[in-house]
Amino acid sequence: MNLIVDIGNTMCKLFVMNHNNQVVHCQSDSNLQQNEVEALVTNYDIQGAIACSTRGKTTELFPWLVKYGCIDLCSDTQLPITINYNTPQTLGADRIAAAVGATCLFPKSNILVIDIGTAITFDFVSKDGCFNGGTISPGPQMRAKALNQFTKKLPHANPIVDEKLLGKTTLEAIGLGIGNGIKFEIEGYISRYSSDYEQLKVIITGGEADLYQPNNSTSIVKNSQLVAIGLNSILMLNKKN
């Protein structure tokens, strides 16, 4: 069994996965606790570990992970995909892992990976297995906080995704502006990428992924474990070598 550690801006997720990329155990917390990791290592006979973090170098944040032989995913880690990015050292490990996970689900396909969390990332992986970059924009909660904190009177509002366009209160107008704005942003990117790349596959993931509900198109799927799948695949590759 493998231990997978995904440290996001808001939550830390722990996965135990087998060699078929199946999740045997999953739990999350706002921080990473050593006793929880030790329990998983003992209970599941963990043979390897890998971690990625949006908060900084994982083994500097949690140095005790080193004793488990934990790989700290970065641009220098051996990967099953190639990276076409001008500043690979600044490329988020979560974006790398999600791209790898996407190629596991849709090998030899053009893929748009949409990760909706604290930030929203749109990343493109070409059918030859190359990460080609993408875009980053504020996530729903960041948009809500910005409107509240950088104005005198606007309240904090939760995102609303709805067919209607006319908010009848300020709170509703902000909620619709955030939620529908993200919906239109996602649909715009999907439309543009679909026109540029044949047989495009779209994968939506992230802690706020439920904000967007895809239509019945078979080319758009949701997968909340995309980063974990990618991390597990990277770990198995490095264990072989």
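If you go through segment 60-68 one residue at a time, do you hit one that is in contact with a His (Cβ under 9 Å, 6 or more places away or on another chain), more than 16 Å from S233 (Cβ to Cβ) and at pLDDT below 95? Break it down stepwise before answering.
As a first pass, look at segment 60-68 and keep what is in contact with a His (Cβ under 9 Å, 6 or more places away or on another chain): none.
No: segment 60-68 contains no residue that is in contact with a His (Cβ under 9 Å, 6 or more places away or on another chain), more than 16 Å from S233 (Cβ to Cβ) and at pLDDT below 95.
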Open item on the list: Between a residue in segment 6-19 that is open to solvent by less than 30 Å² (accessible area, probe 1.4 Å) and any residue that is of a type in the set (D, E, K, R) and in a strand (DSSP E or B), which pairs come within a Cβ distance under 9 Å, given they are 6 or more apart or on different chains?
Closed with: D6/K13; I7/K13; C12/D6; C12/D29; L14/D6; L14/D29; F15/D6
Task: Answer residue from segment 83-106, given it is under 12 Å from N132 (Cα atoms) and of a type in the set (S, T, N, Q) and is most open to solvent (accessible area, probe 1.4 Å) among those - done: N86
Task: Selection count where residues are within 24 Å of E185 (Cβ to Cβ) and either small (G, A, S) or touching a residue at least 60 places away in the same chain (Cβ under 8 Å) (or both), scope segment 70-92 - done: 1
- [ ] For segment 156-182, enumerate the residues that are under 21 Å from I116 (Cα atoms) and β-branched (V, I, T).
- [x] I160, V161, I174, I178, I182
Open item on the list: Can you pull out every residue in segment 189-239 that is under 11 Å from the mean Cα position of the chain (by Cα) and assigned to a loop (DSSP other than H, G, I, E, B)?
Closed with: G206, G207, E208, N223, S224, Q225
Open item on the list: Considering only residues that are buried (at least 17 other Cβ atoms within 10 Å of the Cβ) and assigned to a loop (DSSP other than H, G, I, E, B), which ones fall in segment 130-184?
Closed with: G139, A157, P159, I160, V161, G167
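In segment 195-219, what count of residues is obtained for those that are free of Cβ contacts under 8 Å to residues at least 40 places away in the same chain and either of a type in the set (D, E, K, R) or open to solvent by 60 Å² or more (accessible area, probe 1.4 Å) (or both)? Before you say what the answer is, go through the steps one by one.
Taking segment 195-219 first, the residues free of Cβ contacts under 8 Å to residues at least 40 places away in the same chain are 195-196, 210, 214-219.
Okay, now just the ones that are also either of a type in the set (D, E, K, R) or open to solvent by 60 Å² or more (accessible area, probe 1.4 Å) (or both), so 195-196, 210, 215-216, 218.
Of the residues in segment 195-219, 6 are free of Cβ contacts under 8 Å to residues at least 40 places away in the same chain and either of a type in the set (D, E, K, R) or open to solvent by 60 Å² or more (accessible area, probe 1.4 Å) (or both).
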Open item on the list: For the list (1) open to solvent by 40 Å² or more (accessible area, probe 1.4 Å); (2) more than 27 Å from I136 (Cα to Cα); (3) touching a Ser or Thr at 6+ places or on another chain (Cβ under 6 Å), I need the number of the one condition that Q22 fails.
Closed with: (3)
TODO: Select from segment 1-18 the residues that are of a type in the set (S, T, N, Q) and closer than 19 Å to I96 by Cβ and list them in ascending order.
DONE: N2, N9
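The values are calculated or read from the model by the stated rules, or taken from the named source; none is laboratory data. Treat the numbers as computed from the prediction; the structure is a model and nothing was measured. Cβ sites come from the backbone with ideal geometry, for glycine too, and all protein chains shown count toward neighbours. To get the accessible areas, we keep the full protein, side chains included, count just its heavy atoms, and leave off ligands, DNA and RNA. Shrake-Rupley method; radii C 1.70, N 1.55, O 1.52, S 1.80 Å.
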